[in-house]
Amino acid sequence: MAGLNDLYQEILLEHNSKPHNFRSMEDATQSAEGFNPLCGDMITVFLQVADGVINDVSFQGSGCAISRASASMMTQSVKGKSTSEAEETFEAFRLMMTDLDAELDYDTLGDLESLSGVVEFPTRIKCAVLAWHTLRAAMDGQDDAVTTE
Ligand code: ZN
């Protein structure tokens, strides 16, 4: 993708070709489905939560490189965190995706920073946030499928 710097591009490609936690989960305590009609990205997020801590997280689905890479990074980012920490990470990520001038919390964002260039491609932002909206729906125990529209 022209415009993303080389390092970011490399991280994205790496997550896209070898996504982390890309599997179904038999003993999930919560799950949710998300759909981005603009691009056709579909995702299911599985969680295993106990005492407010995300002990395991995985995803399945099909979608573009950005949506897959973002979902992969999301699972890495929130695994082992409390649901409130995951919520804070989502807020930091959403800020990065919606406000070009925002002061970013790089400690919280970690690898997710590599998706910052996506903000320059407005049509792809929904691809990047889909996994996070779906994560939140799973944490909330929401039954209806999430859509980015
Ligand atoms: Zn997409």
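The values are calculated or read from the model by the stated rules, or taken from the named source; none is laboratory data. All of these numbers come straight from a predicted model, not from anything done at the bench. Because the Cβ atoms are built from the backbone with ideal geometry, glycine has one as well, and the counts that use them run over all protein chains shown. Just the protein is used for accessible areas: all its heavy atoms, side chains included, with ligands, DNA and RNA removed. Shrake-Rupley method; radii C 1.70, N 1.55, O 1.52, S 1.80 Å.
The HN-Hα couplings worked out from phi for the range 97-102 by the Karplus form 6.51 cos²θ - 1.76 cosθ + 1.60 (θ = phi - 60°) are 7, 10, 10, 4, 9, 5 Hz, whole numbers, x standing for Gly and Pro. A helix-only calculation puts the chain at -14000 deg cm²/dmol for mean residue ellipticity at 222 nm, using -39500 (n - 2.57) for each DSSP H run of at least four residues, averaged over all residues. Calculation over all alpha carbon pairs of the range 57-126 in 5 angstrom steps from 0 returns a P(r) of 3, 17, 28, 25, 18, 7, 1 percent. Looking at the range 2-147 only, what percent of DSSP beta bridges run antiparallel? Nearest 5 please. Antiparallel bridges make up about 85 percent of those DSSP assigns within the range 2-147. In the context of the full set of protein chains, the range 2-147 has a per residue accessible area of 49 Å² (1.4 Å probe).
Here the chain was treated as a single set of alpha-carbon atoms; its pair distances binned every 10 Å from 0 give 13, 46, 35, 6, 0 percent.
Loop-located GluC sites (Glu not before Pro) across the range 92-130 with a Cβ neighbour count of 12 or fewer within 10 Å are 103, with loop assigned by DSSP.
Each label point was placed 7 Å from the Cα along the Cα-to-Cβ direction; for residue 14 and residue 62 their separation is 2.8 nm.
Hey, what did the chain get for relative contact order, percent, Cα under 8 Å, at least 6 apart?
RCO, the chain: 31 percent.
When only alpha carbons are used to place a centre, the range 109-132 and the range 36-64 end up 16 Å from one another.
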